[in-house]
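The values are calculated or read from the model by the stated rules, or taken from the named source; none is laboratory data. The model shown is predicted, which means the values in this text are computed figures rather than measured ones. As a convention, Cβ positions derive from the backbone with ideal geometry for all residues, glycine included, and neighbour counts pool all protein chains shown.
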Amino acid sequence: MENRINILKTDSAAYQAMFGLEKYLSNSTVNPILLELIKMRASQINGCAFCLNMHAADARKIGETEQRLYLLNAWRETTLFTQEEEAVLALTEEVTLISNHVSDETYNKVASFFDEKMLAEIIMAIVTINAWNRIAITTKLMVG
């Protein structure tokens, strides 16, 4: 598979804007493991090999277990994730599959665990990884 346009080289300002979102997220109060779970789950749904590879490695570096990474796509079938993580994973799925809309039930469950500032950060994390997935998939960014 060939790469397509290299947006970083062609329009570095566009990438700098995306990196601005990453800087915002790196200063957020969201637990780093939760951020990686968001990135992994959205990337699984979107089929983004580049992002899956990167975020699995990042998650391992900060202490995420192999078992949880292997079972993330079946999180509803396990007891490995906290209620807060499950709520965020459900939100991640609904935002990623936005044509189905985000249900009040899912939104309210997440909002019951987090204050408004953290909820905003979680939503921005989901939106940001979805944007990265779309860039990587559209440009055929390759792993390795």
Notebook entry, point to check: Within the stretch 37-54, how many residues turn out to be assigned to a helix (DSSP H, G or I) and over 18 Å from Leu91 (Cα atoms)?
Noted result: 6
Checklist line | Residue under evaluation Ala74, criteria (1) surrounded by 13 or more Cβ atoms within 10 Å (Cβ to Cβ); (2) under 14 Å from Gln44 (Cβ atoms); (3) of a type in the set (A, V, I, L, M, F, W, C), criterion not met | finding: (1)
Notebook entry, point to check: Of all residues in the stretch 26-48, how many are closer than 27 Å to Ile5 by Cβ, among the hydrophobic types (A, V, I, L, M, F, W, C) and surrounded by fewer than 18 Cβ atoms within 10 Å (Cβ to Cβ)?
Noted result: 1
Check: What helices (runs of 4 or more DSSP H), lying completely within the stretch 76-144, carry at least 2 residues that are over 28 Å from Asn6 (Cβ atoms) and in contact (Cβ under 8 Å) with a residue 40 or more places away in the chain?
Finding: 83-96, 116-138
Checklist line | Considering residues of the stretch 88-120 that are aliphatic (A, V, I, L, M) and farther than 21 Å from Ala131 by Cα only, the residue surrounded by the fewest Cβ atoms within 10 Å (Cβ to Cβ) | finding: Ala111
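Results for (1) over 21 Å from Phe81 (Cα atoms); (2) in contact with a Cys (Cβ under 7 Å, 6 or more places away or on another chain); (3) modelled with pLDDT of 95 or more; (4) part of a helix (DSSP H, G or I), shown as yes or no for each residue.
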residue: Ala14; (1), (2), (3), (4): yes, no, no, yes
residue: Thr29; (1), (2), (3), (4): no, no, yes, no
residue: Leu35; (1), (2), (3), (4): no, no, yes, yes
residue: Ala56; (1), (2), (3), (4): no, no, yes, yes
residue: Arg60; (1), (2), (3), (4): no, no, yes, yes
residue: Gly63; (1), (2), (3), (4): no, no, yes, no
